[in-house]
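The values are calculated or read from the model by the stated rules, or taken from the named source; none is laboratory data. Predicted model, so just to flag it, every value in this text is computed and none were measured. As a convention, Cβ positions derive from the backbone with ideal geometry for all residues, glycine included, and neighbour counts pool all protein chains shown.
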Amino acid sequence: MVNTTRKRISKDEWLARALEVLAAEGEGGIRIERLARDLNIAKSGFYWHFKDRRDLLSKVLDYWAYEYTGVVAQNQQLARASPESRLNQAARMIRVHKLTKYDVSMRAWAEHDEMAAEAVAQVYKMRLGYISEAFRELGFKGDELEMRTRLYVCYHSWEAAMFGNDSERKLSRLQKLRIKLLTRK
């Protein structure tokens, strides 16, 4: 039963719940009725924030792009750090805040949806550009720059999926070694 005494649910709460459903069931599981039930609110509350399901899906992609990549790439405090420090801090933020936890689900969605494919491509372009700039500032160029950028982005995008059971201590230790290796000339 829906609790009609609950206050309005924020747009971000709808979007965060939609991402959770995406991870559990795929894009097809993101249904207005399902989200309203999960959030314990009447379905009509959905229309306060979104026009329809397609609008919700579009906003889910925007939300994912900002909350799971833009928070790093557009972080002004991080931008003032040295390139090596930026690489270390970004890796730590990715790991600690689980910023790649929806990447597998997003890539699966992108396989059959043009809008999702475009969003995924833009997110990876943003990630590659951000990391590339740090390596460029360290003096790398050409294939050396591209290889280091790709290794960093690929590793940090898939580390949790591949090695999620490792301790935080081990992950932190290996991160420092990895950045040291990637930044060595």
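Of all residues in the range 138-171, those satisfying the criterion of being modelled with pLDDT of 90 or more and not in a helix (DSSP H, G or I) are Leu138, Gly139, Phe140, Lys141.
Residue count for the range 80-98 under the criterion of being aliphatic (A, V, I, L, M) and within 17 Å of Thr149 (Cβ to Cβ): the result is 4.
Every test in (1) closer than 18 Å to Ala23 by Cα; (2) touching a Lys or Arg at 6+ places or on another chain (Cβ under 8 Å); (3) polar (S, T, N, Q) is passed by Thr100 save one, and that test is (2).
Among the residues of the range 74-128, the ones that are surrounded by 15 or more Cβ atoms within 10 Å (Cβ to Cβ), in contact (Cβ under 8 Å) with a residue 40 or more places away in the chain, out of contact with any Ser or Thr (no Cβ under 9 Å at 6 or more places or on another chain) and among the aliphatic types (A, V, I, L, M) come to 5 in all.
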